[in-house]
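Working notes for the structure below.
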Amino acid sequence: MRRAAAILLVAGLMVGALAAAAPAVDTNQAFLWNGVHWQQVTTEGKAGYIFGIGNLADYEVAASKGRKLACISQAFVDDLKARTVMQIIQEVDKYYQDNPGKLGTPVLEVVLGQLTKPSASEAQPGTTKK
């Protein structure tokens, strides 16, 4: 009985220590990597992030079934045909190095907004095709 109590006590202390050491995250807020996070991640982690965006973009484009609903996703899918993941990582690294005052900018915004340009053939929101 004492052994079980000791094990429970140790397990409880370990859980408490982990909870105290973990950064507080507001679960009501979306967590977006920004330049601070990006600089702390290995190249493999950065590649996983870019592959993840690419996977989501591929899914969104496929789910649109040819309809022009996924302007940014289509642009990113097309972009990945022209550039490698490593090139994108290097460009994101360069963006944050060249813009140290913008480390709070989400990585997703840098990749999709700054580096990826929607194709000219797709109508932009609020505009009409001629």
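If you go through region 28-64 and pick out every residue that is out of contact with any Leu (no Cβ under 7 Å at 6 or more places or on another chain), touching a residue at least 60 places away in the same chain (Cβ under 8 Å) and either of a type in the set (Ser, Thr, Tyr) or open to solvent by 70 Å² or more (accessible area, probe 1.4 Å) (or both), you end up with 1. A search for C-beta distances below 9 Å between a residue of region 81-110 that is touching a residue at least 60 places away in the same chain (Cβ under 8 Å) and more than 17 Å from Trp33 (Cα to Cα) and any residue that is part of a helix (DSSP H, G or I) and hydroxyl-bearing (Ser, Thr, Tyr), counting only pairs 6+ apart in sequence or on different chains, returns nothing.
The values are calculated or read from the model by the stated rules, or taken from the named source; none is laboratory data. Not measured: the values here are computed from a predicted model. All Cβ positions, even for glycine, are placed from backbone atoms using ideal geometry, and neighbour counts span all protein chains on display. Ligands, DNA and RNA are excluded from the accessible area calculation, which covers all protein heavy atoms including side chains. Shrake-Rupley method; radii C 1.70, N 1.55, O 1.52, S 1.80 Å.
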